[in-house]
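First comes the structure, then the notes that go with it.
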Amino acid sequence: MIRAGRMAGEDISADAKLKDCPAMSDFSRIGVIGAGFMGSGIAESAAAAQMSVTVFEPEQAPLERSRKSLEASVAKAVARGKLSREDADDLIGRVHYTSTFEDLDDVDGVIEAVTEDPRVKGKLFAQLDEELPGARFIASNTSAIPVAELAAWTQRPDRVIGLHFFSPVPVMKLVEVVVALDTSDETVDSAESFATQIGKRAIRTKDRSGFIVNMLLVPYLMAAVRMYEDGFASREDIDEGMRLGCGHPMGPLTLCDFIGLDVLYAVCDSLYEEFKRPEYAPPPLLKRMVVSGHHGRKAGKGFYDY
């Protein structure tokens with residue numbers, strides 16, 4: 001979900017160079033459900049590793065936005081000399097956009113990156129389970145919903161796993177592999193092999209809200225929000241304190257805006273619901289900002305204006 005540095009498209013050269021390396025696995029075709037920011041990034045990373053990628057959305061508009069996002073990302077890489085124009089065109093050509101669910105037939109694995117709504121995801125997992133019997137894994141990119149809850153919608157929960165990517169996906173090297181109660185060892189091995197093939201470092205975690213990174217990061221971010229809410233210091237001084245005093249690439253309030261305050265609120269809610277610890281509870285200010293549409297950088301307004 002999270003990153004505190006370069007923006008998408010800045011450097012995908014490491015992933016692109018994978019085509020010159022011997023195959024580390026036998027994944028050749030991957031499905032991605034959801035053409036938003038995360039789904040588009042996952043598709044780009046898989047395509048950079050020489051995989052054919054099918055991106056599914058029921059509507060055409062998000063597919064077109066995803067296509068334009070991919071083109072802009074690889075154009076930046078070409079401009080910086082990280083990719084040749086020929087390699088960039090090949091990468092773009094490996095990503096196929098569709099609103100026809102049947103086009104996902106015969107994918108080696110599928111990754112869901114749709115809205116953080118358990119019922120929406122659950123119904124989707126039931127459909128994926130039924131219609132993609134040959135997929136080696138059915139993965140969710142959720143940052144908050146228990147993977148076991150999604151697996152419960154399926155007839156084969158052993159195939160269900162979490163693959164939590166970090167934003168922006170083409171740049172960030174980490175993937176949390178979330179092992180649910182019924183996830184099989186074979187599925188875990190397949191998911192980790194896929195992550196390695198696309199140039200990511202996989203770390204394994206139990207299926208608990210927040211996994212590893214968010215469970216550690218969210219209390220820090222919420223402490224900064226509370227500090228600002230209480231008038232303890234200005235937003236600039238809070239951010240500069242952590243940037244210059246702790247060497248962080250960006251301050252906590254800037255990072256909140258980058259992640260998306262709506263996303264953070266959902267993660268906080270999930271963590272608090274599971275652990276009932278006050279450091280995970282979203283502060284009142286965060287809720288007011290979310291309901292007012294101040295979702296951060298993507299909305300043009302959060303703790304800062306963009």
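The values are calculated or read from the model by the stated rules, or taken from the named source; none is laboratory data. Values in this document were obtained by computation on a predicted structure and should not be read as measured data. Every residue, glycine among them, receives a Cβ derived from its backbone with ideal geometry; neighbour counts consider all protein chains shown. Please note that ligands, DNA and RNA were not included when accessible areas were found on the heavy atoms of the full protein model with its side chains. Shrake-Rupley method; radii C 1.70, N 1.55, O 1.52, S 1.80 Å.
Working ranking of peptides 214-226, 281-293 by packing, defined as the average number of other Cβ atoms within 10 Å per residue, highest first, is 214-226, 281-293.
Taking amide H atoms as placed 1.01 Å from N in the peptide plane, the amide H of VAL55 lies under 5 Å from those of VAL32, HIS96, TYR97, THR98, each 5 or more residues away in sequence or on another chain.
In this simple spin-label model, placing a label point 7 Å from the Cα along the Cα-to-Cβ direction at both ASP106 and ASP230 gives a separation of 6.1 nm. Angle of helix 185-197 to the longest C-alpha principal axis of the chain, folded into 0 to 90 degrees and rounded to 10: 80°. Quick check: residue separation of GLU274 and ALA72 times 0.36 nm, minus the Cα distance between them. What number comes out in nm? Full-extension gain reported as 68.8 nm.
Along the stretch 35-47 the Karplus relation, 6.51 cos²θ - 1.76 cosθ + 1.60 evaluated at θ = phi - 60°, assigns HN-Hα couplings of 10, x, 4, 6, x, 5, x, 4, 4, 4, 5, 5, 5 Hz to successive residues, with x for each Gly and Pro.
For the stretch 182-255, what is the accessible area per residue in Å² when the probe is 1.4 Å?
Working: 3650 Å² over 74 residues.
So the stretch 182-255 comes to 49 Å² accessible per residue, rounded to a whole number.
Full extension of the chain segment joining LEU174 with LYS287 gains 37.8 nm, where the gain is 0.36 nm per residue of separation less the Cα-Cα distance. Packing around the peptides 239-248, 141-150, taken as the average count of other Cβ atoms within 10 Å per residue, puts them in this order, highest first: 141-150, 239-248.
Here, the chain yields an orientationally averaged convex hull projection of 15.5 nm² when only Cα atoms define the hull.
Between their Cα atoms, which of LYS82/LYS173; LYS68/LYS298; LYS123/LYS173; LYS276/LYS298 are more than 22 Å away from each other? Mind showing how you got there, number by number?
On the way: LYS82/LYS173 17 Å; LYS68/LYS298 16 Å; LYS123/LYS173 30 Å; LYS276/LYS298 30 Å.
In this structure, LYS123/LYS173; LYS276/LYS298 exceed 22 Å between Cα atoms.
Rounded to the nearest 10 degrees, the inclination of helix 261-275 to the longest alpha-carbon principal axis of the chain is 90 degrees. Averaged per residue, the stretch 41-106 has 47 square angstrom of accessible surface, using a 1.4 angstrom probe with ligands and nucleic acids left out. Helix 60-79 and the longest principal axis of the C-alpha atoms of the chain enclose an angle of approximately 90°.
Averaging Cα coordinates gives a centre for the stretch 269-303 and one for the stretch 169-184; these two points are 24 Å apart.
Probing with 1.4 Å while keeping every protein chain in the model, the per residue accessible area of the stretch 111-176 equals 34 Å².
Under the rule of -39500 (n - 2.57) per DSSP H run of 4 or more residues, summed and divided by the residues of the chain, what mean residue ellipticity at 222 nm is obtained, to the nearest 500 deg cm²/dmol? Walk me through the intermediate numbers first.
Details: 12 runs with 137 residues, N = 306.
Result for the chain: -13500 deg cm²/dmol, rounded to the nearest 500.
Using a probe radius of 1.4 angstrom, the carbon and sulfur fraction of the accessible surface of the stretch 148-306 is 54%.
For the stretch 244-306, what does the alpha-carbon gyration tensor say about shape, rounded, prolate or oblate, given a ≥ b ≥ c as the root eigenvalues, a/c under 1.5 as rounded, and a/b over b/c as prolate?
Details: a/c = 2.38, a/b = 1.22, b/c = 1.96.
Oblate, because a/c is 1.5 or more while a/b does not exceed b/c.
Protection proxy ranking for 50-59, 37-46, using the average of other Cβ atoms within 10 Å per residue and placing the highest first: 37-46, 50-59.
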